[in-house]
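S.K.: Shown below is the structure under consideration.
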Amino acid sequence: RALPTFAIMSGRHDTAAGIARVYRGSFVHSTRDAALEILNDFVLGVDKSGKITFIEEGKNVDRLAQEQGFNTADVENLGPDEFFMPGMVDTHIHASQYTYMGTALDLPLLQWLNTYTFPVESRYQDLKFARDVYTKVVKRTLRNGTTTACYFATIHTDASLLLGQIADDLGQRALVGKVCMDINPMVPQYKELLDESKDETLRFIRELLQKKYPRVKPVVTPRFAVSCSSSLLDALGEIARSNGLHIQSHISENKEEVELVKQLFPDCLSYTDVYLKHGLLTDKTVMAHGCHLTDEELKIFHKNGASISHCPSSNISLMSGILNVRNVQKHKVKLGLGTDVAGGYSASILDAVRRAIDTSKVLTIEHPQLRPLTFEEVFWLATLGGSEALSLDDRIGNFEVGKDFDALRVNVSVPGGPLDVFPEDVLKVIVEKFLNLGDDRNIVEVYVAGRKAVPFSGKE
């Protein structure tokens, strides 16, 4: 049944809102035509609703001041070693696995889930425990430049609602999913009954929407086909369709999982066909991994507008496989980056950037006809590509006029920082150094919809 809907993460550009901030300096972002566009000495205005009002060459600042009604004395000038880039998008992260991030990476996927993941996730009925972990993971990801996160929580409705509240309190844009699973023979205490899963999913969606958080939205979340009955998948597909919601899950992460899905769903032609037949493969679907998808499955992804979250750190850590990004691009399937904490050992999309480049080079070693990914291409995946994967590219992803100002202020010469720059380093070189060497110390400010989220205000 349909639930009440609200305008979430949207809003038209209101030119009457008035200018709140104007910045002058260097900007880098991606466009439809360029994986990396360098804008030296530009001026950008943000209105009071947090949207980008203009972005033009710095020489036009006086004219813009007259037209837009701001004082040139109020323009904030970036330092010579600073630049703004769009906020990064994490298209797949398990907030509930944060406690053991960086550990427990000695087993392949299915054994890993049973040994480490399900026992930990069972603890989230304890809201004190949930609040502590979820506050830490949202703060950590924000400090590392994740302005938008697509979160898996657990099967616990109240704890999942708490994650949405914490993301809103801290100012992060988020899709939050209450996990659904009614099959778990290995850890039977961590699953739901079919009707319970359906009812609690509806309650989660209803209560989260009623909060009217401006940038936090529910996402329908079957864990993966292995842990969901056909009846549950059907119900979740109908819930997503009736309410126009995003969908997230996992697909073709490792070969053992793919074979198990074939056994569980013998009437389906492929893993992709399982989700397709249950109404879960739409233009608002993001599926994590996809390492072993066939060309025929990728064609179905493209036809339905579904996306893939590339999680290179996790794919290697759990020995799952390597996604051929070039083949995904060849089939014109939307693609973003995910940290996949805690299968991935870092909550930073910068780590995903580096692992994506590295794994593409491994594929090139094995298949010399392939071209490895460039840093410019992976910058695009981390920003505009991620916004496309989450169907949010009409409002975030780059510095187009009318979009929300989700941005990172990067200082590559911060005291005690992890990299050095030299007089001959042009901005493109500096951006490359930051992507390869930088960390949260270089991310001195984080903005989400024009609101400064980092440094934290101290009120959280």
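The values are calculated or read from the model by the stated rules, or taken from the named source; none is laboratory data. Please read all numbers here as calculations on a predicted model, not as lab measurements. Cβ sites come from the backbone with ideal geometry, for glycine too, and all protein chains shown count toward neighbours. SASA here: full protein model, heavy atoms, side chains in, ligands and nucleic acids out. Shrake-Rupley method; radii C 1.70, N 1.55, O 1.52, S 1.80 Å.
S.K.: List every residue pair whose Cβ atoms sit under 8 Å apart, with the two residues 6 or more apart in sequence or on different chains, where the first one lies in region 153-173 and is farther than 14 Å from Thr135 by Cβ and of a type in the set (D, E, K, R) and the second, anywhere, is open to solvent by less than 10 Å² (accessible area, probe 1.4 Å) and assigned to a helix (DSSP H, G or I).
M.R.: Arg173/Ala167
S.K.: The conditions are (1) more than 21 Å from Gly386 (Cα to Cα); (2) charged (D, E, K, R); (3) in contact (Cβ under 8 Å) with a residue 60 or more places away in the chain, and Lys284 fails exactly one of them. Which is it?
M.R.: (1)
S.K.: Right, next: Identify the residue in region 294-309 that is closer than 14 Å to Ile251 by Cα and within 21 Å of the chain's Cα centre (by Cα) and, among all such residues, is surrounded by the fewest Cβ atoms within 10 Å (Cβ to Cβ).
M.R.: So, considering only residues that are closer than 14 Å to Ile251 by Cα and within 21 Å of the chain's Cα centre (by Cα), the one surrounded by the fewest Cβ atoms within 10 Å (Cβ to Cβ) is Leu298.
S.K.: Across region 235-267, what is the total count of residues that are more than 18 Å from Asp199 (Cα to Cα), in contact (Cβ under 8 Å) with a residue 12 or more places away in the chain and out of contact with any strand residue (DSSP E or B) (no Cβ under 7 Å at 6 or more places or on another chain)?
M.R.: Residues in region 235-267 being more than 18 Å from Asp199 (Cα to Cα), in contact (Cβ under 8 Å) with a residue 12 or more places away in the chain and out of contact with any strand residue (DSSP E or B) (no Cβ under 7 Å at 6 or more places or on another chain): 9 in total.
S.K.: Would you call Glu192 assigned to a loop (DSSP other than H, G, I, E, B), among the charged types (D, E, K, R), open to solvent by less than 20 Å² (accessible area, probe 1.4 Å) and modelled with pLDDT of 95 or more?
M.R.: Working: assigned to a loop (DSSP other than H, G, I, E, B): yes; among the charged types (D, E, K, R): yes; open to solvent by less than 20 Å² (accessible area, probe 1.4 Å): yes; modelled with pLDDT of 95 or more: yes.
Here the answer is yes, as Glu192 does meet what is asked.
S.K.: Which ones in region 261-293 are open to solvent by 50 Å² or more (accessible area, probe 1.4 Å), assigned to a helix (DSSP H, G or I) and of a type in the set (A, V, I, L, M, F, W, C)?
M.R.: Initially, region 261-293 is screened for residues open to solvent by 50 Å² or more (accessible area, probe 1.4 Å), giving 262-264, 266-267, 269, 276-277, 283-284, 292.
Those left that are additionally assigned to a helix (DSSP H, G or I): 262-264, 276-277.
Answer for region 261-293, where residues must be open to solvent by 50 Å² or more (accessible area, probe 1.4 Å), assigned to a helix (DSSP H, G or I) and of a type in the set (A, V, I, L, M, F, W, C): Leu264, Leu276.
S.K.: If I ask for residues that are small (Gly, Ala, Ser) and farther than 15 Å from Phe405 by Cα, which ones from region 27-65 would you list? Even if it seems obvious, please write down each step before you answer.
M.R.: Residues of region 27-65 small (Gly, Ala, Ser): 30, 34-35, 45, 49-50, 58, 65.
Correct list: Ala34, Ala35, Gly58, Ala65.
S.K.: Tell me the residue from Arg21, Arg63 that is more than 23 Å from the chain's Cα centre (by Cα), of a type outside the set (Phe, Trp, Tyr), part of a strand (DSSP E or B) and over 30 Å from Leu127 (Cβ atoms), please.
M.R.: Details: Arg63 fails: part of a strand (DSSP E or B).
Answer to the selection: Arg21.
S.K.: Would you point out which residue out of Thr147, Thr141, Thr154 is surrounded by 24 or more Cβ atoms within 10 Å (Cβ to Cβ), assigned to a loop (DSSP other than H, G, I, E, B) and polar (S, T, N, Q)?
M.R.: Values: Thr147 fails: assigned to a loop (DSSP other than H, G, I, E, B); Thr141 fails: assigned to a loop (DSSP other than H, G, I, E, B).
That would be Thr154, the only listed residue that is surrounded by 24 or more Cβ atoms within 10 Å (Cβ to Cβ), assigned to a loop (DSSP other than H, G, I, E, B) and polar (S, T, N, Q).
S.K.: When you go through (1) among the acidic types (Asp, Glu); (2) out of contact with any Phe, Trp or Tyr (no Cβ under 6 Å at 6 or more places or on another chain); (3) open to solvent by 50 Å² or more (accessible area, probe 1.4 Å) one by one for Asp439, which number turns out not to apply?
M.R.: (3)
S.K.: Here is a further query. Which residues, taken from region 125-138, are of a type outside the set (A, V, I, L, M, F, W, C) and buried (at least 24 other Cβ atoms within 10 Å of the Cβ)? First the steps, then the outcome.
M.R.: Applying the first criterion (of a type outside the set (A, V, I, L, M, F, W, C)) to region 125-138 yields 125-126, 128, 131-132, 134-136.
Listed by number, the list holds a single entry, Tyr134.
S.K.: Going through Glu432, Glu424, Glu366 one at a time, which residue ends up being open to solvent by 10 Å² or more (accessible area, probe 1.4 Å) and within 19 Å of Leu36 (Cβ to Cβ)? It would help to see each step written out before you state the result.
M.R.: On the way: Glu424 fails: within 19 Å of Leu36 (Cβ to Cβ); Glu366 fails: within 19 Å of Leu36 (Cβ to Cβ).
The conditions single out Glu432.
S.K.: What residue, of Val187, Val219, is β-branched (Val, Ile, Thr) and buried (at least 21 other Cβ atoms within 10 Å of the Cβ)? Give the derivation first.
M.R.: Details: Val187 fails: buried (at least 21 other Cβ atoms within 10 Å of the Cβ).
So the residue among Val187, Val219 that is β-branched (Val, Ile, Thr) and buried (at least 21 other Cβ atoms within 10 Å of the Cβ) is Val219.
S.K.: Given the conditions (1) of a type outside the set (D, E, K, R); (2) open to solvent by 70 Å² or more (accessible area, probe 1.4 Å); (3) touching a strand residue (DSSP E or B) at 6+ places or on another chain (Cβ under 8 Å), report the number of the one that Gln111 does not fulfil.
M.R.: (3) is the only condition that Gln111 fails.
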